[in-house]
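K.L.:
Starting off with a structure, shown below.
The values are calculated or read from the model by the stated rules, or taken from the named source; none is laboratory data. Given the structure is predicted, the values throughout are model-derived calculations rather than measurements. Because the Cβ atoms are built from the backbone with ideal geometry, glycine has one as well, and the counts that use them run over all protein chains shown. Quick note on the areas: whole protein, heavy atoms, side chains included, nothing else; ligands and nucleic acids left out. Shrake-Rupley method; radii C 1.70, N 1.55, O 1.52, S 1.80 Å.
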Amino acid sequence: KAGVTQTPRYLIKTRGQQVTLSCSPISGHRSVSWYQQTPGQGLQFLFEYFSETQRNKGNFPGRFSGRQFSNSRSEMNVSTLELGDSALYLCASSLDGSLPIQYFGAGTRLSVL
Amino acid sequence: AQSVTQLGSHVSVSEGALVLLRCNYSSSVPPYLFWYVQYPNQGLQLLLKYTTGATLVKGINGFEAEFKKSETSFHLTKPSAHMSDAAEYFCAVSRVKTGNQFYFGTGTSLTVIP
């Protein structure tokens, strides 16, 4: 069974641009969560999608948005990029049920210049 | 509110020595507890999990952790460190009630000295 796939692995953008990251969950998983990882803040929860609906949301500005498609694939968008958005963005998928084990992708490394 | 505290952002051990990584959580109800490992430029890999039942759980690569409700702790141990254990380790807590939202500790970087 294929794992969680995130594309692209690396991105370089400049301030003010926008970026879209993609995440394909494990087959059969309907929940997709996004995290931002930085050396100073650690892993911070962005949002979770389930059945194309945002179910949980972290404490990030509105520049960070996401969506989920009917095949459970998810995208995350960051508009008007700032230098502080440079981070490793991780996606995790899980089966929805009584045991929420999350399986992580390798991440997308975003550098904002 | 839930939170996870990992004591010690950096831990160094000699190869062959005991590995002990500490994790304490705060939760109003019994949580699900997890340990993840992250190698450089990779995502997080599940080491082990506690849900219900036996409080001593065994994971991959010889790691184990014990859930101690009275101490609200879930420390990770390995009897004998190997060079390949050098990585970042994260403790996490989750409750089904909140959906699939995990709360992660700030991580502990493990260095293994040859």
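K.L.:
Can you find, within region B:28-42, the residue that is farthest from the other protein chains (Cβ to nearest Cβ) among those that are at pLDDT below 90 and over 11 Å from B:Phe74 (Cβ atoms)?
P.N.:
Let us first name the residues in region B:28-42 that are at pLDDT below 90, namely B:28-32, B:40-42.
After this cut, where a residue has to be over 11 Å from B:Phe74 (Cβ atoms) as well, the list is B:28-30, B:40-42.
Numbers: B:Ser28: 17, B:Val29: 14, B:Pro30: 13, B:Pro40: 11, B:Asn41: 8, B:Gln42: 5 Å.
Filtering first and then ranking leaves B:Ser28.
K.L.:
Is it the case that some residue within region B:17-25 is in contact (Cβ under 8 Å) with a residue 24 or more places away in the chain and within 14 Å of chain A (Cβ to nearest Cβ)?
P.N.:
Our first condition is that a residue be in contact (Cβ under 8 Å) with a residue 24 or more places away in the chain; within region B:17-25, this holds for B:17-25.
Still in the running and within 14 Å of chain A (Cβ to nearest Cβ): B:23.
Yes: one or more hits.
K.L.:
(1) more than 10 Å from chain B (Cβ to nearest Cβ); (2) of a type in the set (Gly, Ala, Ser); (3) free of Cβ contacts under 8 Å to residues at least 40 places away in the same chain: which one isn't true of A:Gly42, the others all being true?
P.N.:
Here A:Gly42 clears every test but (1).
K.L.:
OK, next. Residues in region B:21-34: is at least one under 11 Å from the mean Cα position of the chain (by Cα) and within 17 Å of A:Phe104 (Cα to Cα)?
P.N.:
Yes, because at least one residue in region B:21-34 is under 11 Å from the mean Cα position of the chain (by Cα) and within 17 Å of A:Phe104 (Cα to Cα).
K.L.:
Please pick out the residue among B:Ala81, B:Ala86, B:Ala92, B:Ala54 that is open to solvent by 60 Å² or more (accessible area, probe 1.4 Å) and either small (Gly, Ala, Ser) or within 12 Å of another protein chain (Cβ to nearest Cβ) (or both).
P.N.:
Numbers: B:Ala81 fails: open to solvent by 60 Å² or more (accessible area, probe 1.4 Å); B:Ala86 fails: open to solvent by 60 Å² or more (accessible area, probe 1.4 Å); B:Ala92 fails: open to solvent by 60 Å² or more (accessible area, probe 1.4 Å).
Among B:Ala81, B:Ala86, B:Ala92, B:Ala54, only B:Ala54 is open to solvent by 60 Å² or more (accessible area, probe 1.4 Å) and either small (Gly, Ala, Ser) or within 12 Å of another protein chain (Cβ to nearest Cβ) (or both).
K.L.:
Here's another thing I want to ask about it. Any chance you could count how many residues in region A:5-21 are within 21 Å of A:Gln102 (Cβ to Cβ), open to solvent by 20 Å² or more (accessible area, probe 1.4 Å) and not polar (S, T, N, Q)?
P.N.:
In the first step, residues of region A:5-21 are kept if they are within 21 Å of A:Gln102 (Cβ to Cβ); the result is A:5-7, A:9, A:21.
Add one more test, that the residue is open to solvent by 20 Å² or more (accessible area, probe 1.4 Å), and what stays is A:5, A:7, A:9.
With the extra rule that they be not polar (S, T, N, Q), the set shrinks to A:9.
Within region A:5-21, residues that are within 21 Å of A:Gln102 (Cβ to Cβ), open to solvent by 20 Å² or more (accessible area, probe 1.4 Å) and not polar (S, T, N, Q) number 1.
K.L.:
Filter region A:57-113 down to the residues that are over 20 Å from A:Ser31 (Cα atoms), away from chain B (no Cβ under 14 Å) and outside any loop (DSSP other than H, G, I, E, B) and list them by number.
P.N.:
A:Val78, A:Leu83, A:Gly84, A:Asp85, A:Val112
K.L.:
Then there is this: So which of A:Ser51, A:Ser93, A:Ser24 ends up being among the polar types (S, T, N, Q), over 23 Å from B:Glu88 (Cβ atoms) and surrounded by 13 or more Cβ atoms within 10 Å (Cβ to Cβ)? Working first, answer last.
P.N.:
On the way: A:Ser51 fails: surrounded by 13 or more Cβ atoms within 10 Å (Cβ to Cβ); A:Ser93 fails: over 23 Å from B:Glu88 (Cβ atoms).
A:Ser24 is the lone residue from the list that is among the polar types (S, T, N, Q), over 23 Å from B:Glu88 (Cβ atoms) and surrounded by 13 or more Cβ atoms within 10 Å (Cβ to Cβ).
K.L.:
The conditions are (1) part of a loop (DSSP other than H, G, I, E, B); (2) open to solvent by less than 20 Å² (accessible area, probe 1.4 Å); (3) β-branched (Val, Ile, Thr), and B:Val37 fails exactly one of them. Which is it?
P.N.:
Going through the list (1) part of a loop (DSSP other than H, G, I, E, B); (2) open to solvent by less than 20 Å² (accessible area, probe 1.4 Å); (3) β-branched (Val, Ile, Thr), B:Val37 breaks only (1).
K.L.:
Hey, another quick one. If you take the residues of region A:14-39 that are among the aliphatic types (A, V, I, L, M) and more than 10 Å from chain B (Cβ to nearest Cβ), which of them is nearest to the chain's Cα centre (by Cα)?
P.N.:
If we filter region A:14-39 for residues that are among the aliphatic types (A, V, I, L, M), which is where we start, we get A:19, A:21, A:26, A:32.
Okay, now just the ones that are also more than 10 Å from chain B (Cβ to nearest Cβ), so A:19, A:21, A:26.
Working: A:Val19: 12, A:Leu21: 7, A:Ile26: 14 Å.
Applying the filter and picking the extreme gives A:Leu21.
Okay, residues lined up against (1) charged (D, E, K, R); (2) at pLDDT 90 or above; (3) open to solvent by 50 Å² or more (accessible area, probe 1.4 Å):
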residue	(1), (2), (3)
A:Gln36	no, yes, no
A:Pro39	no, no, yes
A:Gly42	no, no, no
A:Arg63	yes, yes, no
A:Ser72	no, yes, no
A:Leu81	no, yes, no
